[in-house]
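**Q** The structure that follows is given in the form of structure tokens.
Just so it is clear, none of the values below were taken in a lab; they were calculated from the coordinates. Remember, predicted model here, so these are calculated numbers, not experimental data. When we count neighbours, we look across all protein chains shown, and the Cβ atoms used for this are built from the backbone with ideal geometry, even at glycine.
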Amino acid sequence: MGIINLKDYSIHIIGLFFLIVSVISVIMLGSFITTLLTALILAYVFYPLYRVVLKLFPKSKYLFLSGKDIAAFLVTGLVILLILIPSVVLLNTVTKELNVLYVLGQQRIGKGELFGIDCPKDSNLCERVAKSPLFIQFRFYLNENFNTLGKSLIDSTSDFIFKSLTKHGINLVIVLFVMFFAFRDGSEFSQRVR
């Protein structure tokens, strides 16, 4: 066995170290990079609207804001409204539908109409099935499981709302910040890069 010379393997060790650091960096900064890219894409898509709004405000200053600042602020606010309003309406609709589903399920279990099939009033078979201990026990277990499912859905929905608001609230602030400055200084930045 010979002695291992580290100089022969140093380039591989440095490369492996660089790869590990790169992977850890991407994992740590992945959501931040996604947020930045989202903001830049939204700014690119709505840039023509920014140009139209910018024409409405002359280049003179209003109080302490320039026309570019006002236009960037207005378009950024409009984009956020275009994102938030449908999200709030969708969340409200889903919550209402879950509530209706829960109440309808409770009513059907209580009446014994589990599958929405009504028995004729003079049906002897339906009466015997409804009064059988096995069916009564089945309804009890179904009712308990349905209550547990309903409570679980309501709890998970409220947890989702609060957790996503805190998590995505920070991302939303970053998107607002990047979009504002991408609108305001985007043309100057792209000219400097060229």
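**Q** Count charges around ALA71 for me, please; just the other residues with Cβ under 9 Å from its Cβ, Lys/Arg as +1, Asp/Glu as -1.
**A** +3
**Q** Right, here's the next one. Need the full-extension length gain, ILE27 to LYS55, defined as separation in residues times 0.36 nm minus the C-alpha distance. One decimal, nm.
**A** On the way: separation 28, 0.36 × 28 = 10.08 nm, distance 4.20 nm.
Stretched fully, the ILE27-LYS55 segment lengthens by 5.9 nm.
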